[in-house]
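Single-structure report; data block below.
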Amino acid sequence: MVRDVGLAEELAQDALVAALEQWPETGVPRNPGAWLMTTAKRRAIDQFRRNETFGRKLDELGREQQVFEPDLADFDAVLDEEHIEDDILRLVFTACHPVLPTPARVALTLRMLGGLTTDEIARAFLVKESTVAQRIVRAKKSLADAKVPFEVPVGEERMARLSSVLEVIYLIFNEGYSATHGDDWLRPALCEDALRLARVLTGLMPTEPEVHGLAALLEIQASRSAARTGPSGEPVLLLEQDRGRWDQLLIRRGLAALARSEELAEGAYGPYSAQAAIAACHARARVPEETDWTRIAALYAGLAQLTPSPVIELNRAVAVSMAEGPEAGLELVDKLTDEPALKNYHLLPSVRGDFLVKLGRLAEAKAEFERAADMTGNARERTLLLDRAAAC
């Protein structure tokens, strides 16, 4: 309504503050969503009235005055779960508007919809926090200046924004799956949000292979959640997980989505379906020894051609080490040590330390694990890495 992302955020926050102040005394309304929407709209009108330059917007809102004093029952159909999911997708597509450069689209959507801090987004992109903060501020201003509508685009315009939308959902899930900061290894709410968005998107765009590829990847990755932490919340690495705790329903859903992606793409892989195929190799292995590491290494090689990245090369090194031995993996990792993007990436020394352990070079491995522990912002992961250093 206000055609200004920053202002909309402020109005929403004002409404939430009002709820925190009033609901303890008055009780929670029968339809909290309608109450919050009504409060935010009224505050929007008050603000526009105080500013004559918003006369046109005031006229537009004034024509909908009856919406601001509704019978709350009228909102029941509007604010149901399906509508909320559609609204979230509208906001994702709005934030991924072509008026913004791709990094700004992803950063803004992660901040607004994923609940990630600028620091967490910066770590996901391997860039400075100040860079992300500037991207978000500029993105909000650009959307307001362009008066970008709150809608899901159609046709070619939708396709133009799809890659950014997929990247946003992917990064939200990743932050939930391996939290960059804090005391918890997992942030399940973020995983659930991303998974729900991916599922909704498959319904919205059922003929797009990579939409199903992303859904497949997230379903299979999410299937391991229960096995990824121990009794005290400590991380449990993939090869040490109790595979009996993997969620078979999510695995079946993921494999079905991957099959649909492969069918639509006639066997070809995009970036997300390739990662889903890698995850499927793990999901199909009843025990770690049955994992087809040669296929995983080949899939990573193909993925590196689709989307060249030092992080993908690091993952390929792990697969190669499992298929051909730690010497082969270490050779690949050593080529990445001077990569600027991996300068503060804790998994580089962590992986290198793992290879050194297998080669019996324990003093070097200890130093690598300690270096990785200094880099990570997650308390659980730091403990795990220090334990590995001590074991050397």
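The values are calculated or read from the model by the stated rules, or taken from the named source; none is laboratory data. Here the structure is a predicted model, which is why all the values come from computation and not from measurement. Every residue, glycine as well, gets a Cβ built from its backbone with ideal geometry; the counts of neighbours run over all protein chains shown.
Below, the figures for the structure above:
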| item | result |
| --- | --- |
| Residue within region 282-289 that is touching a helix residue (DSSP H, G or I) at 6+ places or on another chain (Cβ under 9 Å) and of a type in the set (D, E) present | no |
| Residue within region 263-276 that is part of a helix (DSSP H, G or I) and surrounded by fewer than 20 Cβ atoms within 10 Å (Cβ to Cβ) present | yes |
| Exclusive hit being small (G, A, S) and either surrounded by fewer than 16 Cβ atoms within 10 Å (Cβ to Cβ) or in contact with a His (Cβ under 6 Å, 6 or more places away or on another chain) (or both), set A373, A390 | A390 |
| Tabulated pairs, region 239-260, first of a type in the set (F, W, Y), second assigned to a loop (DSSP other than H, G, I, E, B), C-beta under 8 angstrom, 6+ apart or interchain | W246/S223; W246/R224 |
| Residue that is surrounded by fewer than 18 Cβ atoms within 10 Å (Cβ to Cβ) and either touching a residue at least 40 places away in the same chain (Cβ under 8 Å) or under 27 Å from R382 (Cα atoms) (or both), where the choices are L204, L214, L314, L306 | L204 |
| Lone unmet requirement of (1) more than 16 Å from the chain's Cα centre (by Cα); (2) modelled with pLDDT under 95 for A259 | (2) |
| Residue match in region 23-38 (condition: hydroxyl-bearing (S, T, Y), closer than 28 Å to A139 by Cα, at pLDDT 90 or above and not assigned by TED's automatic domain parsing to the domain that holds L108) | yes |
| Flag if S142 is farther than 30 Å from R284 by Cβ, outside the structural domain of G254 (by TED's automatic domain parsing) and surrounded by fewer than 20 Cβ atoms within 10 Å (Cβ to Cβ) | yes |
| Tabulated pairs, region 146-161, first more than 18 Å from E210 (Cα to Cα), second in a loop (DSSP other than H, G, I, E, B), C-beta under 7 angstrom, 6+ apart or interchain | A146/V99; K147/R3; V148/H97; V148/V99 |
| Selected residue (criterion: surrounded by the most Cβ atoms within 10 Å (Cβ to Cβ)) from residues of region 1-29 that are more than 30 Å from P149 (Cβ to Cβ) and of a type in the set (D, E) | E21 |
| Residue among G353, G329, G302, G360 that alone is modelled with pLDDT of 95 or more and part of a loop (DSSP other than H, G, I, E, B) | G360 |
| Failed condition for S309, given (1) closer than 28 Å to A365 by Cα; (2) hydroxyl-bearing (S, T, Y); (3) touching an Asp or Glu at 6+ places or on another chain (Cβ under 9 Å) | (3) |
| Test set (1) in contact (Cβ under 8 Å) with a residue 40 or more places away in the chain; (2) assigned to a helix (DSSP H, G or I) - R286 fails condition number | (2) |
| Residue count, region 376-387 (criterion: closer than 20 Å to K358 by Cβ and crowded, with 19+ Cβ neighbours inside 10 Å) | 2 |
